[in-house]
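Written out below as structure tokens is the structure these notes cover.
The values are calculated or read from the model by the stated rules, or taken from the named source; none is laboratory data. Owing to the predicted nature of the structure, the values given are computational and were not obtained by experimental measurement. As a convention, Cβ positions derive from the backbone with ideal geometry for all residues, glycine included, and neighbour counts pool all protein chains shown.
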Amino acid sequence: MALDEKNLEAMLDQYPAKVKRNRKKHILITNSKEEQIIEANTRTIPGIITNRGCAYAGCKGVVLGPLKDIVHITHGPIGCGYYSWLTRRNKAKTEEPGKNFLTYCVSTDMQESDIVFGGEKKLSKVIDETVSIFKPNAITINATCPVGLIGDDIQAVAKEAEKKHGITIMAFSCEGYKGVSQSAGHHIANNGLMDQIIGDGELEEGPKGKYCINILGEYNIGGDSWEIERIMKKIGYHIQAVMSGDGSYEELKNAHVADLNLVMCHRSINYIAEMLDKKYGTPWLKVNFIGVQSTINTLRNMALYFGDQKLIDKTEEVISSELAKIEPQLESYKKICAGKTAFCFVGGSRGHHYQALYQDLGIETTLAGYEFAHRDDYEGRDIISEIKGDADSRNIPDLEVTPDDKRFRLKISPERLEKLKEQIPLSNYKGMIPEMKDGRVVVDDLNHFETEEFIKALNPDIFSSGIKDKYIVQKMGIPSKQLHNYDYSGPYAGFNGAVNFAKDLSMSFESPTWNFIIPPWRETPLLEGSIEEGEA
Amino acid sequence: MEKEIIYSRNVNENPCNMCMAMGGIIPFKGIEESMVIIHGSQGCSTYMRRHIAEHFNEPIDVGSSSLNEKGTIYGGGDNLKKAIDNIIKVYNPAIIGVLTTCLAETIGEDIDGIASEYLKEKELNNLPIITVSTPGYGNTHAEGYWAAVKRIVTNLAIKKEKGSKVNIIIPQLSPADIREIKRLLQLMEVQYTLLPDFSDTLDRPFERSYKKITKDGTKIKDIVEMPDAVATIQMGVTIEENYSPGKYLEDEFGVPLYNTPIPIGLENTDVFLSLLSQLTGKEVPEALKQERGRLLDCMIDSHKYNAQGTSAIFGEPELVFAATKMCCENGIKPAVVATGSKTAKLAELVKPLCGDASLLDEADFVSIRSISTEMKVNVAIGNSDGKYLTEKEGIPLVRFGFPIHDRIGGQRLLSVGYIGTTMFLDRVTNTLLENKYNNYRKEMYQKFYWEPKKKTLAVPGS
């Protein structure tokens, strides 16, 4: 069953008039014949049960958190530190004994007296203790709401502590109220990493004779980045740094030596990708390792960028051998999945990426959306100049970078770059909407009310989002696949990941449990309306 | 000496508690047709929903006023009013709770003022909006829970005429525990008002049509009538008076207050039932006597295994006290009794039971870990965060309390009453046994076999 404008209107009529006007701009039904605009990255309506988080969550929770040899101190009352403690499933292996601190939650645990008299002294004591307990390679300080309000100068505390302890200590003013979602926190974290870590290393170039790359915006949820790295290494790439899944200060500081930056999650890391281009002359390539065909496309695009016939041949060889291995495994799962429909609502890139994997399995995505993306993630980067900045986005200043005197080096000639741009998504991202079929629903910042309504209207076979909406959907009789933490499964990236995903999905479809449940709308329609044929 | 070193630290490394607003959400989930809004950054509400949903495996709808930078300068009144508006439109609740956050408290929001202004503007006379001050830096989630219960009572309770009901006020138990307490009350033929009753709302049966909020939970009318009760039984021996809803009912309306432990353990359950018996004049029925007998039998069956147990118990003070009592009754020696809360009461209560245990308040898991290893603890009892003790020190964990997010069924864990205690004790005993069997052969091998063999091997070479 498809949704038309009329049904959509009827659904939104249940909102107060003002809310309806607002939400309508965040929802569209794809139509390639029209130029479609979606509103995104604007303030959430109070009282709407949104899935969005805050700037702290985006900064500490998403971008910085996975860096394993750094201790991340939460400066604030205990809650925020607790809630972001190991909740993202970004895996990391310990290289140097004792230099993996991901399992620790370190907080200044501010009390009422700290709010009244200021928390700077306590923060600097906590830094001293952190250095003596953990001996980390670096420290980040992550501010929570009250810190900015009471005027703690965490930047000054960090500078002083840096002098005292002789290691990099960075302060991030990512108070929860900044911006409109996690997205503000990503930007703050990007600026800090670029400003204070990347380029700090002494390496001037990557290993000789290797294709040296960074993977940006890959957080190693459930081991995704390990599967990607496996394939890369098989082909012969050298991975300098992953930002930030299983990443480390030690690798990150030399990220400037890469010849190409791969961008997985465009939303959370595009700032660094752009700055690396400006400062060191390294272009970035939009990649997608979610899905078999998109992994293949990505590998071919990478080979094309380097343009070396040996690499191109090796890439094809690896693709064939991987396919030979996974195709027989996928076969039975495809039979189970074929013809089904899915909702795909995730943070800032997976709402797009997973559609490719669903397609590989013969599953149609009928509704997709992002929690905290911007318009360019939907419509492509070409529209960035059209986006009007507002007070919320101006609060997070852009970091101005200039070409590095010594290290700026054009990785490929401008002519070749222009030519390649026509063939591959080089320093460009075309967004989610152009890749979706017509008549599909795109929703920005989907909330609980709309989740229920869209389910009644479109009746998907699988709902993929996170834990906050998972249980509503399951109570409605529809299986859910969490795409934030993979329901403690994974990896889902790359070739083997596709098999894992197909297997997990098939389990949901085939589980006898669901046979005991018949959703009510399979018997009686819940939405009333007539279907008029012949009208667009 | 070592304890003092731990206490002098500023850093909280792996916290043993959450913030006040988190605890404040739960009681509102135990009232009929209720919704709750958190006044602050939307991250607070999102983070807490995530954690509560993972424990209960249920949808947890909590609104947010989504304050942003502008709100921090001009105040968040408009945002909060909009939030209430939208919640009413979509959920049509009979009662709304508004909890504050670090942000709202630091900028000094007058939530009472905003709420009453809102009700006046909209001419809503029958919608209680209950505000609770729950700054993250104020206290832990345990106190946040009690603060919310108390505000609910103080806002709603109105004295009318003398009734015959007993008020039962409970801490954050599992829905299964609440159902068991209700069964005990039924068997004892007690007329009661249990607050907050989230036994159905946070452990909802699968139903044919999904409802956003339901009529399950404590009835608002019943809360209004709490001052008419003959007595209040409050399972809150560790709570401070300023957080005590039962104390309020006693001081304000003269309802006698009986602060009792959670009925976990033989004696604690005896206390609860005999109190009910005393209040109603009814005998404990034969069925419950049988259950008691079975618990006793279970305690005898497992006492030899339990005697080998040394425990670390941590979590919310009220639960910690009850579990400590059960351990002491069964010879599972408590070596560490810890809570993230600031409370002197827990130590006072625990000392006579197990004076040589280390009593930690404002504890984090690093301090719990260091004393647990020193004291050779072989079973930990508490929420999922204690898995850290298993991972780092091999101390097995019996999951108990909130949150349980690495196992399924936290909402179904039954630990109260004679039956619940039997099941809880079995979980602890079996964990000790599992640990023993896993290591038994190795230990025996090393003790009686491996060492001599090493010696004989060494002889020919020397």
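When you scan the range B:42-73, how many residues do you find that are in a loop (DSSP other than H, G, I, E, B), touching a Ser or Thr at 6+ places or on another chain (Cβ under 7 Å) and either facing chain A (nearest Cβ under 7 Å) or free of Cβ contacts under 8 Å to residues at least 24 places away in the same chain (or both)?
The first filter runs over the range B:42-73 and keeps only residues in a loop (DSSP other than H, G, I, E, B), leaving B:57-62, B:65-68.
Subset that is touching a Ser or Thr at 6+ places or on another chain (Cβ under 7 Å): B:62, B:66-67.
Okay, now just the ones that are also either facing chain A (nearest Cβ under 7 Å) or free of Cβ contacts under 8 Å to residues at least 24 places away in the same chain (or both), so B:66-67.
Count: 2.
Please determine whether any residue of the range A:343-356 is surrounded by 20 or more Cβ atoms within 10 Å (Cβ to Cβ) and at pLDDT below 95. Yes - at least one qualifying residue is present in the range A:343-356.
Pull up the range A:16-32, narrow it to residues that are in contact (Cβ under 8 Å) with a residue 12 or more places away in the chain and in a loop (DSSP other than H, G, I, E, B), then point me to the one that is nearest to the other protein chains (Cβ to nearest Cβ). Restricting to residues being in contact (Cβ under 8 Å) with a residue 12 or more places away in the chain and in a loop (DSSP other than H, G, I, E, B), the top hit is A:H26. Only a single item in (1) among the small types (G, A, S); (2) over 15 Å from the mean Cα position of the chain (by Cα); (3) part of a loop (DSSP other than H, G, I, E, B) is not met by B:S415, and it is number (2).
Taking the listed residues A:I188, A:I167, the one that is surrounded by 24 or more Cβ atoms within 10 Å (Cβ to Cβ) and either at negative phi or within 13 Å of chain B (Cβ to nearest Cβ) (or both) is A:I188, with no other qualifying.
Scanning the range B:389-403 for residues being assigned to a loop (DSSP other than H, G, I, E, B), surrounded by 22 or more Cβ atoms within 10 Å (Cβ to Cβ) and more than 14 Å from chain A (Cβ to nearest Cβ) gives a total of 3.
If the condition is being more than 15 Å from B:H51 (Cα to Cα) and either touching a strand residue (DSSP E or B) at 6+ places or on another chain (Cβ under 6 Å) or within 13 Å of chain B (Cβ to nearest Cβ) (or both), then the range A:66-89 contributes A:P66, A:L67, A:I70, A:V71, A:H72, A:I73, A:T74, A:H75, A:G76, A:P77. I'd like the residue in the range A:362-407 that is assigned to a loop (DSSP other than H, G, I, E, B) and among the polar types (S, T, N, Q) and, out of all such residues, is farthest from A:F454 (Cα to Cα). Going through the qualifying residues, I end up with A:T402. Among the residues of the range A:38-50, those identified as in a loop (DSSP other than H, G, I, E, B) and facing chain B (nearest Cβ under 7 Å) are A:R43, A:T44, A:I45, A:P46, A:G47, A:I48, A:I49. Residues that are touching a helix residue (DSSP H, G or I) at 6+ places or on another chain (Cβ under 8 Å) and facing chain B (nearest Cβ under 9 Å) were ranked within the range A:128-146; the one that is surrounded by the fewest Cβ atoms within 10 Å (Cβ to Cβ) is A:D128. Go over the candidates A:Y370, A:Y333 one by one and state the one that is among the aromatic types (F, W, Y) and either surrounded by fewer than 22 Cβ atoms within 10 Å (Cβ to Cβ) or under 30 Å from A:I37 (Cα atoms) (or both). Result of the check over A:Y370, A:Y333: A:Y370.
Would you call A:K430 touching a residue at least 12 places away in the same chain (Cβ under 8 Å), within 30 Å of A:L3 (Cα to Cα), assigned to a loop (DSSP other than H, G, I, E, B) and under 20 Å from the mean Cα position of the chain (by Cα)? I'd like the intermediate steps shown before the answer.
Values: touching a residue at least 12 places away in the same chain (Cβ under 8 Å): yes; within 30 Å of A:L3 (Cα to Cα): yes; assigned to a loop (DSSP other than H, G, I, E, B): yes; under 20 Å from the mean Cα position of the chain (by Cα): yes.
Here the answer is yes, as A:K430 does meet what is asked.
Checking each residue in the range B:151-183 for being touching a helix residue (DSSP H, G or I) at 6+ places or on another chain (Cβ under 7 Å), surrounded by fewer than 24 Cβ atoms within 10 Å (Cβ to Cβ) and over 15 Å from B:Q234 (Cα atoms) picks out B:T154, B:L156, B:A157, B:I158, B:K159, B:K160, B:E161, B:K162, B:G163, B:P175, B:A176, B:E180.
Looking only at the range A:466-483, how many residues end up being assigned to a loop (DSSP other than H, G, I, E, B) and either within 9 Å of chain B (Cβ to nearest Cβ) or touching an Asp or Glu at 6+ places or on another chain (Cβ under 7 Å) (or both)? Matching residues across the range A:466-483 total 3.
Just one of the numbered conditions (1) farther than 25 Å from B:N167 by Cβ; (2) not in a loop (DSSP other than H, G, I, E, B) is not true of B:Q308: (2).
Against the conditions (1) part of a loop (DSSP other than H, G, I, E, B); (2) within 12 Å of chain B (Cβ to nearest Cβ); (3) not small (G, A, S), A:K121 satisfies every one except (1). Scanning the range B:94-118 for residues that are surrounded by fewer than 23 Cβ atoms within 10 Å (Cβ to Cβ), assigned to a loop (DSSP other than H, G, I, E, B) and either within 14 Å of another protein chain (Cβ to nearest Cβ) or hydrophobic (A, V, I, L, M, F, W, C) (or both) yields B:A94, B:I107, B:G108.
Hey, among the residues in the range A:147-157 that are over 28 Å from the mean Cα position of the chain (by Cα) and more than 11 Å from chain B (Cβ to nearest Cβ), which one's surrounded by the most Cβ atoms within 10 Å (Cβ to Cβ)?
Here the residue is A:D152.
In the set (1) closer than 30 Å to B:G340 by Cβ; (2) more than 14 Å from chain A (Cβ to nearest Cβ), B:E121 fails one condition alone, (1). Put simply, of A:A171, A:A189, A:A156, A:A184 the only residue that is assigned to a helix (DSSP H, G or I) and either closer than 19 Å to A:G118 by Cα or hydroxyl-bearing (S, T, Y) (or both) is A:A156.
Of everything in the range A:128-173, what is farther than 22 Å from A:F101 by Cβ and of a type in the set (V, I, T)? Give them in sequence order. If the condition is that a residue be farther than 22 Å from A:F101 by Cβ and of a type in the set (V, I, T), then A:I150 is the only one that fits. Are any of the residues in the range B:136-150 surrounded by fewer than 22 Cβ atoms within 10 Å (Cβ to Cβ) and within 12 Å of chain A (Cβ to nearest Cβ)? Within the range B:136-150, one or more residues are surrounded by fewer than 22 Cβ atoms within 10 Å (Cβ to Cβ) and within 12 Å of chain A (Cβ to nearest Cβ).
Taken together, A:R440, A:R416 contain a single residue that is farther than 27 Å from A:G223 by Cα, basic (K, R) and buried (at least 19 other Cβ atoms within 10 Å of the Cβ), which is A:R440.
How many residues does the range B:194-209 contain that are within 20 Å of A:I478 (Cβ to Cβ) and either touching a helix residue (DSSP H, G or I) at 6+ places or on another chain (Cβ under 8 Å) or away from every other protein chain (no Cβ under 13 Å) (or both)? Even if it seems obvious, please write down each step before you answer.
Step one: filter the range B:194-209 for residues within 20 Å of A:I478 (Cβ to Cβ), giving B:204-209.
Then drop every residue that is not either touching a helix residue (DSSP H, G or I) at 6+ places or on another chain (Cβ under 8 Å) or away from every other protein chain (no Cβ under 13 Å) (or both), which leaves B:204, B:206-209.
Counting residues in the range B:194-209 that are within 20 Å of A:I478 (Cβ to Cβ) and either touching a helix residue (DSSP H, G or I) at 6+ places or on another chain (Cβ under 8 Å) or away from every other protein chain (no Cβ under 13 Å) (or both) gives 5.
Screening A:E435 on (1) away from chain B (no Cβ under 14 Å); (2) farther than 19 Å from A:Q36 by Cα; (3) in contact (Cβ under 8 Å) with a residue 40 or more places away in the chain; (4) acidic (D, E) shows it passes everything except condition (2). All conditions in (1) more than 10 Å from chain B (Cβ to nearest Cβ); (2) in a loop (DSSP other than H, G, I, E, B) hold for A:D109, with the sole exception of (1).
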